[in-house]
Amino acid sequence: MAKHGKKYLEALKLVDRSKAYSPEEAIELVKKTAYANFDGSVDLHLRMNLDPRKAEEQIRGTVLLPSGLGKTVRILVFAEGEAAKMAEEAGADYVGSDDLIKKIQEGWMEFDVAMATPQMMGKVGRLGKILGPRGLMPNPKTGTVVQPEDLPRAINEARQGRVEYRLDKTGNIHVPIGKVSFTKEQLLSNLTALMEAIVRAKPSSAKGQYIKRITLTSTMGPGVKVDINQALALKSV
C-alpha cells in the first residue's frame, strides 16, 4: 500500500470516506483539501458499468466546458495549402505537414491537441503508434479530424476548453474539469456539462447501473465521493 505524506493525511481527515457528497459539497471539499503549492487541476473519475472489450460499449466523445480549463492549450494542425493558411489565421500554434510528422517521429511532443484535415489522414496515420497511446491521434469521433472550413470553429473550441472523455481499458473515465482556483460555480458548470454528455453517450447495450462510482480529486489531494443520483440530476441552466 502506498505511503502518503503528512499533508495528504491531514487533508484526508476532512473527508468522510463513508459519505457520498452532493456535487456542490464535493467541489467545496476538493478545493478545501487541495494542498499542492501550485494551482492544481480538479479531476472527475467515473467507474463505469461498461465492458471495454465490447466495441459498442467503448464510449468516447468531447465536451466544450463552459468555464474552460484554466490553462493554455497548444494546438497543432496537420494541413496543407489553403487549409494550412486558414489554421494559421485561426490561431493554431503549429501548422504543417511532412515537416511536423518528421519532427514528431523524432520525439517532439510540445502540443496538447492535434487536429488534421481529412486529406492529411493518410500521412498522419503513420503517427498512430506515437499519438494513439497519448490520446492525441486525430479522430472524427473526437472532432479532431476537421474539414478545412470548420478549422476556425474547432480551434476556437479547443482553445476555450474542449475536453475528451473515453472509457479506458479498466472501465474508468478520467477527465479534468478545471483548476482548484476556479469558483465553485465554475467547477459545477463544467461538471454538469460533462455529466450530461456522458449520460447522453450511454450505449443501448448497457445493462443495470450505468455509473458505479463518481469521485472528484485535486492534484495530489484525497478523493471525494459524489452522490451518483444527484450528479445524474445535474442540468445546465
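Here are some notes:
- Shape category assigned to the range 1-97 from the gyration tensor of Cα positions, a/c cut at 1.5: prolate
- For the range 75-160, the C-alpha radius of gyration sits at 0.95 times the compact-globule guess of 2.2 N^0.38 Å, with N the residue count.
- Within the chain, percent of DSSP bridges classed antiparallel, to nearest 5: 70 percent
- Inter-part distance, the range 180-237 to the range 1-79, computed on C-alpha centroids, equals 9 Å.
- In this Cβ point-charge picture (+1 for Lys and Arg, -1 for Asp and Glu), the range 70-169 has a dipole of about 500 debye about its Cα centre.
- Between 0 and 90°, nearest 10: helix 151-160 axis offset from the chain longest Cα axis: 30 degrees
- Aspartates and glutamates with Cα under 15 Å of residue 123, excluding same-chain neighbours fewer than 8 positions away: 80, 98, 99
- Taking the charge dipole of the chain about its Cα centre, with +1 at Lys and Arg Cβ atoms and -1 at Asp and Glu Cβ atoms, the residue from 91, 189, 22 reaching farthest to the positive side is 22.
- Straight-line reach from residue 179: taking Cα to Cα under 15 Å and skipping same-chain neighbours fewer than 8 places apart, the aspartates and glutamates in range are 28, 39, 43.
- Other-chain or far-sequence residues with amide H under 5 Å of residue 162's (modelled H): 65
- Lys/Arg +1, Asp/Glu -1 at C-beta; the chain dipole; positive extreme among 125, 204, 49: 49
- Overall, the range 158-237 carries a charge dipole of about 180 debye about its Cα centre when +1 sits on the Cβ of Lys and Arg and -1 on the Cβ of Asp and Glu, all other atoms neutral.
- Helical mean residue ellipticity (222 nm; -39500 (n - 2.57) per DSSP H run of 4+; nearest 500) of the chain: -8500 deg cm²/dmol
- Backbone N within the range 17-37 under 16 Å of label point (7 Å from residue 8 Cα along the Cβ vector): 33-37
- The slack between residue 205 and residue 18, meaning 0.36 nm per residue of separation minus the straight C-alpha distance, is 64.2 nm.
- Once both labels are positioned 7 Å from their Cα atoms along Cα-to-Cβ, the gap between residue 236 and residue 112 label points is 2.1 nm.
- The order of the peptides 39-50, 123-134, 92-103 by mean Cβ neighbours within 10 Å, most packed first, is 39-50, 92-103, 123-134.
- Residue 103/residue 228 FRET efficiency (R0 30 Å; Cβ-Cβ; nearest 0.05): 0.10
- Theoretical FRET efficiency, 1/(1+(r/R0)^6), r = Cβ-Cβ of residue 39 and residue 82, R0 35 Å, to 0.05: 0.35
- Tilt relative to the chain, helix 184-200 - C-alpha long axis, 0 to 90 degrees, to 10: 70 degrees
All of the numbers you see were taken from the coordinates with simple rules; none came from a lab. Treat the numbers as computed from the prediction; the structure is a model and nothing was measured. Glycine also receives a Cβ, built like all others from the backbone with ideal geometry; neighbour counts cover every protein chain displayed.
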